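Participant: There's a structure below that I have some questions on.
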Amino acid sequence: MKVLKVDHIGIAVKSLDETLKFYQDMLGLELHGTEVVEEQKVKVAFLPVGDTEVELLESTDPEGPIAKFIEKKGEGIQHIAFKVPNIEEAIAELMGKGVKMIDEKPRYGAGGAKIAFCHPKSTNGVLVELSERE
């Protein structure tokens, strides 16, 4: 499997508006838009940093995965995503090596990406996302 780069770091937040004040006003990062991903019950803000980006994740539903993450662990880094050239091949290779996958088939992610998550039990407690996008 070939990892091309760190695609993004996902940060769970209670409020995009409040959190953006720090990232924009204090760090000087530029917001490149927001998107609601209904399937994942999340609103995402995109903040590019070099050839990667920070994705701020706000739950759109109190029962959504980001709301549950914040309830359990508080706001903070929720996942790290690695860009791969072919997500189907990457999933198959990882599963062949015994990695437990949350997603055995890719699904739609923010920014038009095809994504799949590795189970944290197989990644030393880190939620790892695979991402394929143009």
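Participant: Quick query: amide H of ASP7 versus all other amide H atoms, modeled in the peptide plane; which residues come in under 5 Å with a sequence gap of 5 or more or a different chain?
Facilitator: HN-HN under 5 Å from ASP7: ALA81, PHE82, LYS83.
Participant: Here's a follow-up. Mind checking the range 93-122 for trypsin sites (Lys or Arg not before Pro) that DSSP puts in a loop (not H, G, I, E or B) and that have at most 16 other Cβ atoms within 10 Å? Working shown, then result.
Facilitator: Values: sites: LYS97, LYS100, ARG107, LYS114, LYS121; in loops: LYS97, LYS100.
Here the trypsin sites (Lys or Arg not before Pro) that fit, given the DSSP loop and packing criteria, are LYS97, LYS100.
Participant: Follow-up question, since we're still on this one. Quantify, in whole percent, the carbon and sulfur part of the accessible surface of the range 21-114 (1.4 Å probe; protein heavy atoms only).
Facilitator: Working: 2860 of 5520 Å².
On the range 21-114, the fraction of accessible area on carbon and sulfur atoms equals 52 percent.
Participant: Computed over the Cα atoms, what is the radius of gyration of the chain divided by 2.2 N^0.38 Å, N being its residue count?
Facilitator: The chain yields a ratio of 1.03.
Participant: So, for the chain, what is the accessible surface per residue at a probe of 1.4 Å, expressed in square angstrom? Walk me through the numbers on the way to the answer.
Facilitator: On the way: 7580 Å² over 134 residues.
Averaged over the residues of the chain, the accessible area is 57 Å².
Participant: Got the relative contact order for the range 59-134 handy, in percent, Cα pairs under 8 Å and 6 or more residues apart?
Facilitator: Relative contact order comes out at 30 percent.
Participant: Okay, next question. With an 8 Å cut-off on Cα pairs and a minimum separation of 6 or more residues, tell me the relative contact order of the range 6-134 in percent. Please report the intermediate quantities before stating the final value.
Facilitator: On the way: 256 pairs, mean separation 31.4, N = 129.
For the range 6-134, the relative contact order is 24 percent.
Participant: With a 10 Å cut-off between alpha carbons and a GNM built on the chain, which of GLY111, GLY74, GLY33 moves the most?
Facilitator: So, out of GLY111, GLY74, GLY33, the one fluctuating most is GLY33.
Participant: Let me ask something else about it. Relative to the present Cα-Cα distance, how much length would full extension add between LEU27 and LYS73 at 0.36 nm per residue of separation? Kindly include the intermediate steps, with their values, before the conclusion.
Facilitator: Values: separation 46, 0.36 × 46 = 16.56 nm, distance 2.45 nm.
Here the answer is 14.1 nm.
Participant: Count the net charge of all other residues whose Cβ sits under 9 Å from the Cβ of TYR108, scoring Lys and Arg as +1 and Asp and Glu as -1. Before the final figure, lay out the partial values.
Facilitator: Working: positive: ARG107, LYS114; negative: GLU39.
Result for the local shell: +1.
The values are calculated or read from the model by the stated rules, or taken from the named source; none is laboratory data. Just so it is clear, the structure is predicted and the values come from calculations on it, not from any experiment. Methodologically, a virtual Cβ is constructed for each residue, glycine included, from the backbone with ideal geometry; neighbour enumeration extends over all protein chains shown. Ligands, DNA and RNA are excluded from the accessible area calculation, which covers all protein heavy atoms including side chains. Shrake-Rupley method; radii C 1.70, N 1.55, O 1.52, S 1.80 Å.
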